[in-house]
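Quick notes on the structure that follows.
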Amino acid sequence: MHRILLVALAAVLVSPPARAQQDSVARGEQDFRACAACHSLEPDRNMTGPSLANLWRRKAGSLPSFDRYSDALKASGIIWDDRSLDAWLTDPARMVPDNAMPFEGIKNARTRADLLAFLKEATKPGAAPGQTAQGMGGMMGGMMGGGLVPNLKSLQPSERVTSIAHCRDTYRVTTADGKTRAFWERNLRIKTDTSKDGPESGTPAIVPAGMMGDRADVIFAAPEEISRMIEPRC
Ligand code: HEC
């Protein structure tokens, strides 16, 4: 009898907050879309911003694999925890003047609380997408697993660049399916990706950019491949 009463009491006392916590994490996962273009949750997968894996208790600006920290963030002395992250997300420029995160901040306290509830779970060691956190929601495995940055190691013939000719203001890009497309030179962006997501050496990838179909990115495995590949020819 006592046991049953206790269990019932526990259910009443524990489950509403636990439920609220779960809802908060779920909302936070949605809110993280504002960050996912720049931050992954996978250890050392850096994009515009550093990976946020294992964020709690980390010193600001200290991830060794991220090369683009501002001096301001590195010198800030901040240790990331609930409070410092709340202040950072409220107004990054106010907390660390001259930091390099292009983000204006989140003024809504509940949104920040949700986001932090989610991040606290999703940045725990071993919680990287593709591992345990995948069970937390469909989006994490797909989008946050790096889906925003397509892996270029295995390409369709239509994506595999075999030659590029440059004539006056035009690039002609030929792909492994035998097709050649012409681009105004200002509409073709030349990029590199030396990471594990980048293309194989010698087989740059062409990726559509923008909505109109007139622009594309050609992504090389390394900078020295660029001029080797582009042939001046009319
Ligand atoms: C447009 C890209 C961009 C967006 C969007 C963005 N960040 Fe950042 N973030 C960065 C960059 C770049 C840095 C490094 C800043 C510096 O060195 O001053 C950074 C740094 C951070 C850091 C410090 C990490 C460390 O290693 O010290 C945290 C935490 C962070 N961002 C969280 C977030 C969250 C949460 C969001 C979404 C609400 C977000 N960021 C949105 C680009 C972005």
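The values are calculated or read from the model by the stated rules, or taken from the named source; none is laboratory data. Everything numeric in this text was worked out from a predicted model, so none of it was measured. Here Cβ is always computed from backbone atoms with ideal geometry, including for glycine, and neighbour counts include all displayed protein chains. Areas reflect the complete protein model, heavy atoms only, side chains present, ligands, DNA and RNA absent. Shrake-Rupley method; radii C 1.70, N 1.55, O 1.52, S 1.80 Å.
Quick notes on this structure:
- Listed conditions (1) at pLDDT below 95; (2) outside the structural domain of residue 85 (by TED's automatic domain parsing); (3) not in a strand (DSSP E or B) are all met by residue 182, apart from (3).
- Hey, residue 51 assigned by TED's automatic domain parsing to the domain that holds residue 119 and either charged (D, E, K, R) or crowded, with 17+ Cβ neighbours inside 10 Å (or both) or not: yes
- Criterion: within 12 Å of the ligand (Cβ to nearest atom) and modelled with pLDDT under 95 - qualifying residue of 102, 64, 97, 129: 102
- Residue check for residue 77: more than 10 Å from the ligand (Cβ to nearest atom) and not charged (D, E, K, R): yes
- Every listed requirement among (1) in a loop (DSSP other than H, G, I, E, B); (2) open to solvent by less than 100 Å² (accessible area, probe 1.4 Å); (3) more than 21 Å from residue 46 (Cα to Cα) is met by residue 199 save one, (3).
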